[in-house]
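Visitor: Dropping the structure in here first, questions after.
The values are calculated or read from the model by the stated rules, or taken from the named source; none is laboratory data. Predicted model, so just to flag it, every value in this text is computed and none were measured. Note that each Cβ is placed from the backbone with ideal geometry, even for glycine, and that neighbours are counted across all protein chains shown. Quick note on the areas: whole protein, heavy atoms, side chains included, nothing else; ligands and nucleic acids left out. Shrake-Rupley method; radii C 1.70, N 1.55, O 1.52, S 1.80 Å.
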Amino acid sequence: AYRRAFAGGVVIGAAFIIVAVVRNEAIAAGALFCFGMAMVYSGTAIQALFQREIPEAMKGRFFAIFTTTCYSTMPVTLFLNGVLSQMIELPVLITANGMMVVIITVAFLFIPRVETDPALSPNTRLRV
């Protein structure tokens, strides 16, 4: 699941950059198609990973915070891009967005995995 999420993030960032620099409509449409496929590909991998790794007792709290964070960053991002689009040429701004997606995706590789208490792990089976 980690590899799928990583691959999806890189494809999403690359698709942003391609759309920004290419002037051919067919290539831009292909990049947007790849963007949509990567969103689904990485989104399902991330959700499955969370469902598998988050202890049952924490899922409600985790997904509440996760959903709130996701939905609250959307308007902030749209606002910032709207303001920045008045100061920076749109292709440059979209390229910068794509590069940030790739950088953030790569940065997630360096977050260390934390081992959980086996008693809390949903994948632990009790041996009798």
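Visitor: Keeping all protein chains in the complex and leaving out DNA, RNA and ligands, what accessible area do you get for Tyr2 with a 1.4 Å probe, in Å² to the nearest 10?
Guide: Rounded to the nearest 10, the figure is 120 Å².
Visitor: Restricting things to Cα coordinates, could you compute the convex hull volume per residue of the stretch 66-108 in Å³? Show your work: numbers first, answer last.
Guide: Values: hull volume 2.7 nm³, N = 43.
For the stretch 66-108, the hull spanned by Cα atoms encloses 64 Å³ per residue.
Visitor: In nm, to one decimal, how far is the Arg52 label point from the Ser85 one, both placed 7 Å along Cα→Cβ?
Guide: The answer from the label model is 3.8 nm.
Visitor: Also, I was wondering about something else. Evaluate the relative contact order of the chain (contact order divided by residue number), counting alpha-carbon pairs under 8 angstrom at least 6 apart; express in whole percent. Spell out each step's value before the answer.
Guide: Details: 102 pairs, mean separation 52.6, N = 128.
Answer for the chain is 41 percent.
Visitor: Between Thr69 and Ala7, what length in nm is gained on full extension when 0.36 nm per residue of separation is reduced by their alpha carbon distance?
Guide: Working it through step by step, the gained length comes to 20.1 nm.
Visitor: If exposed means no more than 15 neighbouring beta carbons inside 10 Å and the site is in a DSSP loop, what's the longest run of the chain without any exposed trypsin sites (Lys or Arg not before Pro)?
Guide: Longest gap between qualifying sites, sites excluded: 24-112.
Visitor: Another one. Given R₀ = 25 Å, FRET efficiency for Leu78-Asn24 by Cβ-Cβ distance, to 0.05?
Guide: With R0 = 25 Å, the Cβ-Cβ based efficiency is 0.40.
Visitor: Looking at Val76, Ile103, Ala64, which one has the Cα that reaches farthest to the positive end of the dipole of the chain (charges on Cβ: Lys, Arg +1; Asp, Glu -1)?
Guide: The residue sitting most towards the positive pole is Ala64.
Visitor: In the neighborhood of Tyr41, defined by Cβ-to-Cβ distances under 15 Å, what is the net charge if each Lys or Arg adds +1 and each Asp or Glu adds -1? Can you show the working numbers first?
Guide: On the way: positive: Arg3, Arg4; negative: none.
Charge balance in the 15 Å sphere: +2.
Visitor: Once whole DSSP H runs in the chain are found, which of them have Cα atoms spread over 24 Å or more along the helix axis and a mean Kyte-Doolittle score of at least 1.6? The partial results should precede the final answer.
Guide: Details: long enough: 2-21 (29 Å, 1.67); 25-53 (41 Å, 0.88); 59-85 (38 Å, 0.78); 90-108 (27 Å, 2.17).
Correct list, ordered by number: 2-21, 90-108.
Visitor: Oh, and also: Taking a quarter of the surface of the convex hull around the Cα atoms of the chain, what do you get in nm²? Don't skip to the end; give the middle numbers.
Guide: Working: hull surface 38.0 nm².
Over all viewing directions, the chain projects a mean Cα-hull area of 9.5 nm².
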